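Since the structure comes first, as structure tokens, the remarks are kept for the end.
The values are calculated or read from the model by the stated rules, or taken from the named source; none is laboratory data. These figures come from a predicted structure and were not determined experimentally. Heads up, the Cβs are rebuilt from the backbone with ideal geometry, glycines too, and the neighbour counts pull from every protein chain shown. Protein only, heavy atoms only, side chains kept; ligands, DNA and RNA dropped before computing areas. Shrake-Rupley method; radii C 1.70, N 1.55, O 1.52, S 1.80 Å.
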Amino acid sequence: MENPFHHVSVLAEECIAYLNIRPQGVYIDATMGGGGHSERILECLSDGGRLIGIDRDGEAIAASQARLSRFGSRFTAVKANFADIGAAAARAGAEKVDGVLFDLGVSSHQLDTARRGFSYMNDAPLDMRMDTDVGQTAAELVNELDEQALARILSEYGEERFAARIAAAVCAARARKRIETTKELSDIITAAVPAAAARAEKQHPAKRSFQAIRIAVNGELEAAGNGIRSAAALLKPGGRLCVISFHSLEDRLVKRLFQELSRGCTCPRDFPVCICGAKPTL
């Protein structure tokens, strides 16, 4: 049976090059998904090497275990949020690793599977949870959050300039009837965005808002920050940390963290000598 997660892994060769894989090293794919990047890493490892694949999505774990079973003991899958990468590595028996890969954001499988409720292109129950076993659904968020908080999420996580209008429209709609499906939400957002602005942007009017709600539901930016910090602490000397990001919020977060983790001393610039003793991690 074809892997339901099958897709072309983004930047696969670049990831392999930058990870600088040691055949007997230990690596973590912190966002395993369908196992595309994991497979490429495993192909570079010898029998003494190991890959730990982490994902919070149970469907991803099952698909990857089936896809990568031929690698035997080289591969271990752990169902976890990558924010808890340190604990996940410990569960798999790894104290330090030679490299970690993050591929941030939603997977193509999650977007393309209508029943998961991520996409404004398909009608489905509003869910958007990467781990369907825990947490608040998108339906709960849009129906229960107050208008000001909803507008803040749309503005901060979606960089949506019509956030206030959309939040007001959502609150007005839910006062009449609970919002249950992706189509209902998409139609409300589309009606709230000025038609001229929608035509000028040449993208679906709900795109930014759906991104924002998904990020909020899954705590994506907080998880990325915690995960990257913890991953850096797991690296052996000479280890590599690679992060793929897709939009400006992720990109800024990753760049800021890499700068911070490679800086070391946090003393004011006018101090003649360092008294904090902080050393760079990266």
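Of all residues in the range 115-126, those satisfying the criterion of being open to solvent by 40 Å² or more (accessible area, probe 1.4 Å), farther than 25 Å from Glu222 by Cα and not in a strand (DSSP E or B) are Arg115, Met121, Asn122, Asp123.
Against the numbered list (1) open to solvent by less than 70 Å² (accessible area, probe 1.4 Å); (2) assigned to a helix (DSSP H, G or I), Lys255 comes up short only at (1).
Are any of the residues in the range 232-245 at pLDDT below 95 and under 20 Å from the mean Cα position of the chain (by Cα)? Outline the logic, then answer.
Narrowing the range 232-245 to residues at pLDDT below 95: 245.
Next, only the ones that are under 20 Å from the mean Cα position of the chain (by Cα) stay: 245.
Yes, that holds for at least one residue.
Answer yes or no: is there a residue in the range 168-180 that is among the small types (Gly, Ala, Ser), free of Cβ contacts under 8 Å to residues at least 24 places away in the same chain and open to solvent by less than 20 Å² (accessible area, probe 1.4 Å).
Start the filter on the range 168-180 by keeping residues that are among the small types (Gly, Ala, Ser), which leaves 168-169, 172-173, 175.
Still in the running and free of Cβ contacts under 8 Å to residues at least 24 places away in the same chain: 169, 172-173, 175.
Applying the additional criterion that residues be open to solvent by less than 20 Å² (accessible area, probe 1.4 Å) yields 173.
Yes, the range 168-180 has at least one match.
Within the range 145-158, residues that are touching a residue at least 12 places away in the same chain (Cβ under 8 Å) and among the aliphatic types (A, V, I, L, M) sit with their Cβ atoms under 6 Å from residues that are open to solvent by 20 Å² or more (accessible area, probe 1.4 Å) and in a helix (DSSP H, G or I), at 6+ positions apart or across chains, in these pairs: Ala151/Ala164; Ile153/Ala216. The number of residues in the range 237-282 that are charged (D, E, K, R) and under 28 Å from Ser9 (Cα atoms) comes to 6. Taking each residue of the range 21-49 that is at positive phi and looking for partners that are open to solvent by 10 Å² or more (accessible area, probe 1.4 Å) and acidic (Asp, Glu) with beta-carbon atoms closer than 9 Å, six or more apart or interchain, yields Gly33/Asp55; Gly33/Asp103.
If you check Ala30, Ala94, Ala17 for being in contact with a strand residue (DSSP E or B) (Cβ under 8 Å, 6 or more places away or on another chain), modelled with pLDDT of 95 or more and surrounded by fewer than 21 Cβ atoms within 10 Å (Cβ to Cβ), only one passes: Ala94.
Asp47: of a type in the set (D, E, K, R) and either buried (at least 20 other Cβ atoms within 10 Å of the Cβ) or closer than 20 Å to Ile228 by Cα (or both), yes or no?
Numbers: of a type in the set (D, E, K, R): yes; either buried (at least 20 other Cβ atoms within 10 Å of the Cβ) or closer than 20 Å to Ile228 by Cα (or both): no.
Spelling it out, it is not the case that Asp47 is of a type in the set (D, E, K, R) and either buried (at least 20 other Cβ atoms within 10 Å of the Cβ) or closer than 20 Å to Ile228 by Cα (or both).
For the residues Phe75, Phe82, Phe102, the requirement of being free of Cβ contacts under 8 Å to residues at least 60 places away in the same chain and crowded, with 22+ Cβ neighbours inside 10 Å singles out Phe75.
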